[in-house]
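Report on one structure; see the data block that follows.
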Protein chains: 2
Amino acid sequence: MAPAFLKTTEEYKALIDSVDTFLLDCDGVLYHGPVVVDGVKAVLSMLRKAGKKIIFVTNNATKSRRRLKETFNGLGFDATIEECFGSAYASAVYLSEVLKFPKDKKVYVFGEEGLEEELDECGIAHCGGSDSEDRHFQPPIDWTAFKPDPSVGAVLCGFDSWINYKKLAKAQTYLKNPECKLILTNTDPTYPTNGDLFPGSGSLSIPIVNASKRQPLVIGKPNKIMMDAILAHHHIDPSRALMVGDNLLTDIEFGLKSKIRTLLVMGGVTKYEQVYGDQPSPAVPDLVINSFGDLASLAVE
Amino acid sequence: MAPAFLKTTEEYKALIDSVDTFLLDCDGVLYHGPVVVDGVKAVLSMLRKAGKKIIFVTNNATKSRRRLKETFNGLGFDATIEECFGSAYASAVYLSEVLKFPKDKKVYVFGEEGLEEELDECGIAHCGGSDSEDRHFQPPIDWTAFKPDPSVGAVLCGFDSWINYKKLAKAQTYLKNPECKLILTNTDPTYPTNGDLFPGSGSLSIPIVNASKRQPLVIGKPNKIMMDAILAHHHIDPSRALMVGDNLLTDIEFGLKSKIRTLLVMGGVTKYEQVYGDQPSPAVPDLVINSFGDLASLAVE
């Protein structure tokens, strides 16, 4: 059955009354690149005043929660660190709390400072990442230089704009040890910026998956691991939570996999026909709204 | 039915009498890294004396035929350029002879000098590749710097040890034009060297495939395009040709797809059980031999 398209202030009010926690996708819901969606700031303020919990949920793996907070506050969202939940932090929480990653082992990071910062926060030892030794590489390749390090117990891959052959070859040498885990912050194939799409985390780490022939564990949306980390960390009642997003395959699927209600926001990556057309996507949201900012009509009353 | 395992000089002689052209995979058949397989030089010499045609067939995309010849002759194989057929050359031949690639268009090369050299040989204009502008890149990324160039009519991906974010992002911008083709020299996930496996061409170009969501055209073994290029270039009678290789999924599949007889060489990447075990690989060779060098017993007589 096609989902209800919310349009009236009565419908908006009924929705908000039924929700305690708003899990908000960011790009495409709250802003498009540097431009904040009309009404969003008023909605965030109204929800907080009404005692609702807000969590900004992003697959962006280059930013720590601290950096996410700075970004959001640069846009005028008055966010706290506790409200921010990126795939970098979710990965560190997963390693620390679920895997109980051993203190005498290290994580090899294919990623940037934000990912390292969250590992530090969770007390996980790491190597690679922003290490100048790995970042600066010029062929020819010294094939004898890549020797597996037995102290590396996991390879963690996020977005790494310093991708080079040395990083890929080192990751592969670690993964020759079947005990060494392969974890991806997310598999987003593209990264939306400047109104355009560029290679995303999932496309940068896929050489490591392909060459090692390993089945990776994926943390970020739409995977349940990310939701489990959020629910455990925030002690949320899932029946009173709502996942809000513009992407059927990541955001809406994320809610569906974890049995959390979903609100699809138009005006992002999803086309009307994908929901209401003759051949709709199998990822069906519970509710649809034109823009998350439309809820601001309640704040004005 | 399990393939015949050739062991006697009579069997070797019958095989050679039935073949005019030997298509030889290189690493794993003729040598292992820097070490030439026993007897191989004598076999090559015997075959040439008997008037047989020899073609060295390799997916290696970093070397032009000229460089392949140098490598083979460094191992003592007395090869000629005409005997060498790499996926770099096959790609250039495909662009020039099959695609009739327009003279006013350019190929964006994700690859190294050998690939550029073969494009030059075939009169195909190109950019990217070994251009210092693309090879030297340091974050942060200037997202506004990537603008599609309408004169680029194809992205050709081989092994590029200079892989970086700029190269990947540029490839993606060209592929936004649906007229721009995506061609891979090969999809080998790993590159065998120093008795170890490192990320191969297929793993280095997969970010471009993944981010662009395009279906690439693949040239190298086991694809028929490579065989078509060889057959057309050399005017070979396929019924009197034999593909010799150590890899079921590339070499043997390559022969099967083009209906060329195949000889599997043990001692490379294939295990005995994959051919003669309870659950053999679906890629079944016509014949099996312990080592290609074993044919040297005929030369001694």
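The values are calculated or read from the model by the stated rules, or taken from the named source; none is laboratory data. What you see is a predicted model, and the numbers here were worked out from it, not measured in a lab. Positions of Cβ are backbone-derived with ideal geometry, glycine not excepted, and every protein chain shown enters the neighbour counts.
Residues that are touching a helix residue (DSSP H, G or I) at 6+ places or on another chain (Cβ under 6 Å) and either among the polar types (S, T, N, Q) or more than 10 Å from chain A (Cβ to nearest Cβ) (or both) within region B:204-223 comprise B:210, B:212, B:214, B:216, B:219, B:220, B:221, B:222, listed in sequence order. The set of residues in region B:227-248 that are part of a helix (DSSP H, G or I), crowded, with 23+ Cβ neighbours inside 10 Å and modelled with pLDDT of 95 or more contains only B:248.
Applying the set (1) hydroxyl-bearing (Ser, Thr, Tyr); (2) surrounded by 18 or more Cβ atoms within 10 Å (Cβ to Cβ); (3) more than 30 Å from residue A:175 (Cβ to Cβ) to residue A:205 leaves exactly one unmet item: (3).
Cβ-Cβ contacts under 8 Å between residues 6 or more apart (or on different chains), taken from a first residue in region A:11-25 that is surrounded by 15 or more Cβ atoms within 10 Å (Cβ to Cβ) to a second residue that is of a type in the set (Lys, Arg) and at pLDDT below 95, are absent.
Within region B:102-127, which residues are crowded, with 24+ Cβ neighbours inside 10 Å, touching a helix residue (DSSP H, G or I) at 6+ places or on another chain (Cβ under 6 Å) and part of a loop (DSSP other than H, G, I, E, B)? Result: B:124, single match. Within region A:193-203, the residues that satisfy the criterion of being within 7 Å of chain B (Cβ to nearest Cβ) and out of contact with any Pro (no Cβ under 6 Å at 6 or more places or on another chain) are A:193, A:194, A:198. Checking each residue in region B:137-166 for being under 12 Å from residue B:107 (Cβ atoms) and outside any strand (DSSP E or B) picks out B:149, B:151, B:158.
Looking at B:168, B:119, B:115, B:156 in this structure, which one is aliphatic (A, V, I, L, M) and free of Cβ contacts under 8 Å to residues at least 40 places away in the same chain?
Answer to the check: B:119.
Sub-9 Å Cβ pairs linking a first residue in region B:122-140 that is farther than 14 Å from residue A:161 by Cα and within 14 Å of chain A (Cβ to nearest Cβ) to a second residue that is of a type in the set (Asp, Glu) and not in a loop (DSSP other than H, G, I, E, B), at least 6 apart or interchain, are B:129/B:113; B:129/B:116; B:130/B:113; B:130/B:116, ordered by first then second residue.
Here residue A:272 fulfils each of the conditions (1) free of Cβ contacts under 8 Å to residues at least 40 places away in the same chain; (2) closer than 26 Å to residue A:87 by Cβ apart from (2).
Does region A:180-188 include one or more residues that are touching a residue at least 12 places away in the same chain (Cβ under 8 Å), more than 11 Å from every other protein chain (Cβ to nearest Cβ), in a loop (DSSP other than H, G, I, E, B) and more than 20 Å from residue A:60 (Cβ to Cβ)? Yes, that holds for at least one residue. Applying the selection to region B:255-294, what residues are in contact with a Gly (Cβ under 7 Å, 6 or more places away or on another chain) and part of a helix (DSSP H, G or I)? The answer is B:293, B:294.
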